[in-house]
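What follows is calculated from the coordinates using simple rules that are stated; it is not laboratory data. Nothing here was measured: the structure is a model prediction, and the numbers come from that model. Reconstructed Cβ throughout: ideal geometry from the backbone, glycine too, with neighbour counts over all protein chains shown.
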Amino acid sequence: PNTGKSSLLAALTNAKPEIADYPFTTRLPQPGMMPYENIQIQLVDLPPVTEEYFEFWQAELIKNADGILLLLDPTGEDPVGDYLVILAKLEERKIELVNEEVAIPPDKFLFQKKTLVVINKKDLTHEESELQELQDALKPNFNPLLVSVVQKEGLERLKERIFNFLRILRVYSKIPGKKPDLDEPFIFRQGSTVMDMARMIHKDFAEKLRYARLWKKNDLHLQGVRVNREYLLQDEDIIELHL
């Protein structure tokens, strides 16, 4: 509790949560939209997980999230103990936090959630041993990012880490004979194909799609190149569908 979750949400998004210098300020989910370049990413601040407090609905939200951002405070009385309590309480609900690089196999008995660990209040960490002890507890499972919400240190890097962590692809559509629409990209996960884009636009497109043409924003050699329906989309591709 009191790790600075609400302050972080306010710093990254348009949300205006209640912020106070005492624990359990957050009692209900607090959503906010984080702008990153030309897209918006939803973040939801949840109440802290403690030995005494972890409700059923919190576990369900965690299970259904695209990813977990775990915020830790190295200046608390027992930061390593707090971290271990979180892991234990999640395990009771069959939830396991794993590194963002781990390939997650299907498992109906265990929800493995890719997790980005952030250590806040780096500006208040006066003893190097405080921080080192927490970092040692996180190894080798996690590579935490150090930030200071109050000093606004590391927040831009955190936004970039969140974007990369979610493995988001921004893909722009182009109508034959016209300029591409670069204002509102389609959003996909890594591993999506041209066929997935056609399905998103309309089921008729998927049924009638013959091929697509590909443009790269920053590659003059890839301008209007023909690709098949199974082409793996990449971030900031420009795609023109042909039926």
Could you tell me whether the range 137-178 comes out rounded, prolate or oblate from its Cα gyration tensor? Rule is a ≥ b ≥ c as square roots of the eigenvalues, rounded for a/c under 1.5, then prolate if a/b exceeds b/c, otherwise oblate. oblate
Quick one: angle between helix 155-165 and the longest Cα principal axis of the chain, in degrees between 0 and 90, rounded to 10, please. 60 degrees
Row for the range 166-241, column shape: gyration tensor on C-alpha, a ≥ b ≥ c, rounded if a/c < 1.5 i.e. under 1.5, prolate if a/b over b/c, else oblate; value rounded
What percent of all Cα-Cα pairs in the chain falls in each 10 Å bin, counting up from 0? 7, 27, 29, 19, 13, 5, 0
Looking at the range 127-201, which GluC sites (Glu not before Pro) are DSSP coil and have at most 13 other C-beta atoms within 10 Å of their C-beta? GLU127
When the charge dipole of the range 5-165 is computed with +1 at the Cβ of Lys and Arg and -1 at the Cβ of Asp and Glu, the Cα pointing farthest to the positive end, of VAL80, ALA137, SER6, is that of SER6
Bridge type composition, the chain - antiparallel percent by DSSP, nearest 5: 60 percent
Using alpha carbon centers only, the range 48-70 is separated from the range 176-219 by a whole-angstrom value of 35 Å
As a test of the formula, what do you get for the chain when each DSSP H run with n ≥ 4 contributes -39,500 (n - 2.57) and the sum is divided by the residue count, at 222 nm and rounded to the nearest 500 deg cm²/dmol? -8000 deg cm²/dmol
Dipole in debye (nearest 20) - the chain, about Cα centre, beta carbon charges: Lys, Arg +1; Asp, Glu -1: 1700 debye
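Among LEU84, LEU72, which comes first, then next, by fewest other beta-carbon atoms within 10 Å?
Neighbour counts put them in this order, fewest first: LEU84, LEU72.
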Is the range 156-210 rounded, prolate or oblate when judged by the Cα gyration tensor, a ≥ b ≥ c being the square roots of its eigenvalues, rounded requiring a/c under 1.5 and prolate requiring a/b larger than b/c? oblate
Between the DSSP loop rule and a limit of at most 14 other Cβ atoms within 10 Å, which trypsin sites (Lys or Arg not before Pro) in the range 173-243 are left? LYS178, ARG210, LYS217
